[in-house]
Amino acid sequence: MSMSTATSTGPCFWLLAELSYRCPLHCAFCYNPVDYSGMGAELDTAAWLSVLDQAREMGAVQLGLSGGEPLLRPDLEKIVAHAHKLGFYINLLTSGVGLTEARLAALKEAGLDHIQLSFQDSTRELNDFLSNTRTFELKQKVAHLIKQAGYPMVMNCVMHRYNLPHIEQIIDMAVEMKAEYLELANTQYYGWALRNRHQLLPTAEQLGEAEAIVRRKREEIGTACQILFVVPDYFEERPKRCMNGWGNVFLVVSPDGVALPCHAARDIPGMTFPNVQQESLHSIWYDSPSFNAYRGTDWMKEPCRSCPEKEKDLGGCRCQALMLTGDARNADPVCSKSPTIM
């Protein structure tokens, strides 16, 4: 297997800091590790500030703060302030639980640029059922606070069998709340979502109806709200360039300091991922065997190796290949050329 080197690997531009796996919600489609309670202790404030320093020195410009629920970290404002001082564009991905008016003001003063608020559905009954919490009214209040504070807002709703029939109402809710963007993120089947896949996976008919509604609503609402709708991999014929390619531009640091090229990579057996508490971010990004394992195309087996589109999709998703074929080096099973059927 060929390894990339520091001269052939570009810089990391996008850092996702998963500050905590703790979360007040218990969503059936969560991509958190199913065994997260067995992970190591969360990084302390000083460790996260060091990660930010190193990432910015390497050229990272986009910072996502996620979890779990990042608002469970009492040092969130300090982390945001440090990232702002370094020049990051900072996006908070949150359930809204814990985002009070006072805390929102503190985060804005610290330099937070952008907020992505998650909903589970357009109705209280299904929103609260899917999250196993009573949070629908709270989320509505938080959406109002975000707009009141002058923030642009992305509303995020993970789509699956249970809420796809309500997609028009979800779009209407986003417009009513004056969200600039609505991300209708069809479930990606990792973590808990993979375990619950057979209950969550929609039918092709459901998906087709939802796509038609999205097209119609885009015409109706114009520029009032930009709608992003991504078809789930299970219904595609060609793989996507997962995370823009393994170790190409995107780096995740998990709550316990393990550095990953994507959210689900630690599930790949036989791979040991480095920890920011033992190695520098520069060394991890450029030199670690795990980050170099699936860079480029030299690692590919057939049919990927001889495929004319391999430079375009870089083989698709390694984690999906592992979970559905048993080997991370196999063709992504979403591909019509894969011998494995989704």
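The values are calculated or read from the model by the stated rules, or taken from the named source; none is laboratory data. Everything numeric here is computed off the predicted structure, so don't read it as measured data. A quick note on method: Cβ atoms are made from the backbone with ideal geometry, for glycine too, and the neighbour counts reach across all protein chains shown. These accessible areas exclude ligands, DNA and RNA; they are computed on the full protein's heavy atoms, side chains included. Shrake-Rupley method; radii C 1.70, N 1.55, O 1.52, S 1.80 Å.
Of the residues screened, Arg238 is one that is within 19 Å of Pro333 (Cβ to Cβ), among the charged types (D, E, K, R) and open to solvent by 50 Å² or more (accessible area, probe 1.4 Å).
For segment 93-100, indicate whether the set of residues that are touching a His at 6+ places or on another chain (Cβ under 8 Å), over 17 Å from Gln62 (Cβ atoms) and either touching a residue at least 24 places away in the same chain (Cβ under 8 Å) or not in a loop (DSSP other than H, G, I, E, B) (or both) is non-empty. Looking through segment 93-100, none of the residues is touching a His at 6+ places or on another chain (Cβ under 8 Å), over 17 Å from Gln62 (Cβ atoms) and either touching a residue at least 24 places away in the same chain (Cβ under 8 Å) or not in a loop (DSSP other than H, G, I, E, B) (or both).
Based on this model, can you work out whether Ser122 counts as within 15 Å of Cys23 (Cα to Cα) and not charged (D, E, K, R)?
Against the criterion (within 15 Å of Cys23 (Cα to Cα) and not charged (D, E, K, R)), Ser122 does not qualify.
From Ala55, Ala47, which residue is under 21 Å from the mean Cα position of the chain (by Cα), open to solvent by less than 30 Å² (accessible area, probe 1.4 Å) and not charged (D, E, K, R)? Even if it seems obvious, please write down each step before you answer.
Working: Ala47 fails: under 21 Å from the mean Cα position of the chain (by Cα).
Only one candidate qualifies: Ala55.
From the list Leu76, Leu93, the lone residue that is buried (at least 22 other Cβ atoms within 10 Å of the Cβ), closer than 28 Å to Ala265 by Cα and of a type in the set (A, V, I, L, M) is Leu76. Number of residues in segment 275-311 that are touching a residue at least 60 places away in the same chain (Cβ under 8 Å), open to solvent by 30 Å² or more (accessible area, probe 1.4 Å) and not in a loop (DSSP other than H, G, I, E, B): the value is 3. In a residue-by-residue description of segment 245-253, the property of being surrounded by fewer than 20 Cβ atoms within 10 Å (Cβ to Cβ) and assigned to a helix (DSSP H, G or I) applies to no position. If the condition is being touching an Asp or Glu at 6+ places or on another chain (Cβ under 7 Å) and not in a strand (DSSP E or B), then segment 44-67 contributes only Thr45.
Residues that are over 12 Å from Phe119 (Cβ atoms) and open to solvent by 10 Å² or more (accessible area, probe 1.4 Å) within segment 138-148 comprise Lys141, His144, Leu145, Lys147, Gln148, listed in sequence order. The C-beta contact set for segment 44-65 (first residue in contact (Cβ under 8 Å) with a residue 24 or more places away in the chain, second residue open to solvent by 40 Å² or more (accessible area, probe 1.4 Å) and part of a strand (DSSP E or B), distance under 7 angstrom, 6+ apart or interchain) comprises Ala60/Trp14; Val61/Tyr89; Gln62/Trp14; Gln62/Tyr89; Leu63/Tyr89; Gly64/Leu93; Leu65/Leu93. Here Phe119 meets each of (1) over 18 Å from the mean Cα position of the chain (by Cα); (2) more than 26 Å from Leu43 (Cβ to Cβ) with one exception, condition (1). Just one of (1) closer than 22 Å to Val51 by Cα; (2) modelled with pLDDT under 85; (3) open to solvent by less than 30 Å² (accessible area, probe 1.4 Å) fails for Cys262. It is (2). For segment 259-274, the set of residues classified as free of Cβ contacts under 8 Å to residues at least 60 places away in the same chain and either among the acidic types (Asp, Glu) or on the phi < 0 side of the Ramachandran plot (or both) consists of Ala259, Leu260, Pro261, Cys262, Ala265, Pro269, Met271, Thr272, Phe273, Pro274, listed by residue number. In this structure, Pro269 does not qualify as surrounded by 19 or more Cβ atoms within 10 Å (Cβ to Cβ), farther than 25 Å from Glu309 by Cα and not aromatic (Phe, Trp, Tyr).
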